1. Within the stretch 157-209, which residues are assigned to a loop (DSSP other than H, G, I, E, B), closer than 19 Å to Ser224 by Cβ and among the hydrophobic types (A, V, I, L, M, F, W, C)?
2. If I ask for residues that are closer than 23 Å to Ala26 by Cβ and either among the polar types (S, T, N, Q) or assigned to a helix (DSSP H, G or I) (or both), which ones from the stretch 95-118 would you list?
3. So if I check each of Val121, Val37, Val133, which one is modelled with pLDDT of 95 or more and not in a loop (DSSP other than H, G, I, E, B)?
4. Considering only residues that are small (Gly, Ala, Ser) and over 20 Å from Gln108 (Cβ atoms), which ones fall in the stretch 66-95?
5. Which one of these is surrounded by fewer than 16 Cβ atoms within 10 Å (Cβ to Cβ) and under 19 Å from the mean Cα position of the chain (by Cα): Asn162, Asn158?
6. Under the condition of being within 18 Å of Val70 (Cβ to Cβ), modelled with pLDDT under 95 and not charged (D, E, K, R), which residue from the stretch 255-301 is surrounded by the fewest Cβ atoms within 10 Å (Cβ to Cβ)?
7. Taking the residues in the stretch 196-232 that are β-branched (Val, Ile, Thr) and over 20 Å from the mean Cα position of the chain (by Cα) as candidates, determine which candidate is surrounded by the most Cβ atoms within 10 Å (Cβ to Cβ).
8. Within the stretch 77-109, can you find the residues that are farther than 19 Å from Asp11 by Cβ and crowded, with 18+ Cβ neighbours inside 10 Å?
Amino acid sequence: MFAVCGEALMDVYPNGANATGMALDARIGGSPFNVAVGLARMRQPVCFVSAVSTDFLGERLMRALSDEGVDSSTVARTDAPTTLSMVGLDERGVPSYAFHGAHGADRQLGLKDIETLPDAVRALHFGSYATVVEPVGSTQRALVERSKGRRFISYDPNVRLNVEPDVDVWRRHLAWMLPRTDLLKVSDEDLGLLVPGVALDDFGAQALAQGARLVVVTRGGEGSVAFTRQARASAPPVPVKVIDTVGAGDTFQAALLTWLAERQLLDGSVLAGLPAQRLGEALQFAGAAAAIVCGRRGADMPRRSELQA
């Protein structure tokens, strides 16, 4: 079973002007929330570890978890408001975000709230701004420490400087996570912020030397690349008519974890020994899933039946 830890929010899109202002289209979202839904749609057992508001938007998020088959027994409820992410899209469908959630529900996860993690959990995924804001950031670090060596750990920085503008905070967290991470998945855009001027292969070698077992870098329209200490592989992008790229990285993450789980490869030592051919197959599978979501509006994650084995 997977446990995905992090924020749940509403992505709010402009939906045209009207006589009295502007129509808005709110969609369930949040990077970790998307990953949890993506895993469930890929037929993987998964629970979501977060705090969700008791307001009407929080109730919608909880209903979505139930509808998707995500275990919500690990969700804490709070009367803090649901975070809103205002999403603007450029002419290529690439999103920009403005977050309204300084005191949002998804930041309120405390130490007592992680005591109910099911015994069946064998892999955890962490990512995005919930890793660097408080008090949830400290709670997540405690969970990482408790799980190191006992459970598979996956991490995607998914940097959001409009939530935490100090890039050094993100850099320190990346440095802290690397010795505790089995799978690091990071976008080249994030690497440009975290390690500007460092070549992909050099970053891969550095991350592996610091403890990561597998490093995957997504490159948008240029595909993806993977590194272990023994192998390097790459995969080209899958052609698609892009509607928008919201949720593409989260879909890639969920699909990559699914590919590993289906092959009983959620083990750091085993992962480190994967040959280049197998790494390439994993990248191709995850890239195909990401292409599907790019052809849809918002983070509408694909189902397992939409992907070839």
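1. Scanning the stretch 157-209 gives Val159, Val195, Val198, Ala199.
2. Step one: of the stretch 95-118, the residues closer than 23 Å to Ala26 by Cβ are 95-109.
Those that are closer than 23 Å to Ala26 by Cβ and either among the polar types (S, T, N, Q) or assigned to a helix (DSSP H, G or I) (or both): Ser96, Ala105, Asp106, Arg107, Gln108.
3. Values: Val121 fails: not in a loop (DSSP other than H, G, I, E, B); Val133 fails: not in a loop (DSSP other than H, G, I, E, B).
That would be Val37, the only listed residue that is modelled with pLDDT of 95 or more and not in a loop (DSSP other than H, G, I, E, B).
4. First, pick out the residues of the stretch 66-95 that are small (Gly, Ala, Ser): 66, 69, 72-73, 76, 80, 85, 88, 93.
Answer for the stretch 66-95, where residues must be small (Gly, Ala, Ser) and over 20 Å from Gln108 (Cβ atoms): Ser66, Gly69, Gly88, Gly93.
5. Values: Asn158 fails: surrounded by fewer than 16 Cβ atoms within 10 Å (Cβ to Cβ).
Checking each option against the conditions leaves just Asn162.
6. Filtering the stretch 255-301 for residues that are within 18 Å of Val70 (Cβ to Cβ), modelled with pLDDT under 95 and not charged (D, E, K, R), the one surrounded by the fewest Cβ atoms within 10 Å (Cβ to Cβ) comes out as Gly298.
7. So in the stretch 196-232, the residues β-branched (Val, Ile, Thr) come out as 198, 215-218, 225, 228.
If we keep only those that are over 20 Å from the mean Cα position of the chain (by Cα) too, we end up with 198, 228.
Working: Val198: 13, Thr228: 20.
Checked the stretch 196-232; the qualifying residue surrounded by the most Cβ atoms within 10 Å (Cβ to Cβ) is Thr228.
8. The answer is Thr78, Gln108, Leu109.
The values are calculated or read from the model by the stated rules, or taken from the named source; none is laboratory data. In this text, all values refer to a predicted model and were calculated from it rather than measured experimentally. Backbone-built Cβ (ideal geometry, glycine too); neighbour counts: all protein chains shown.
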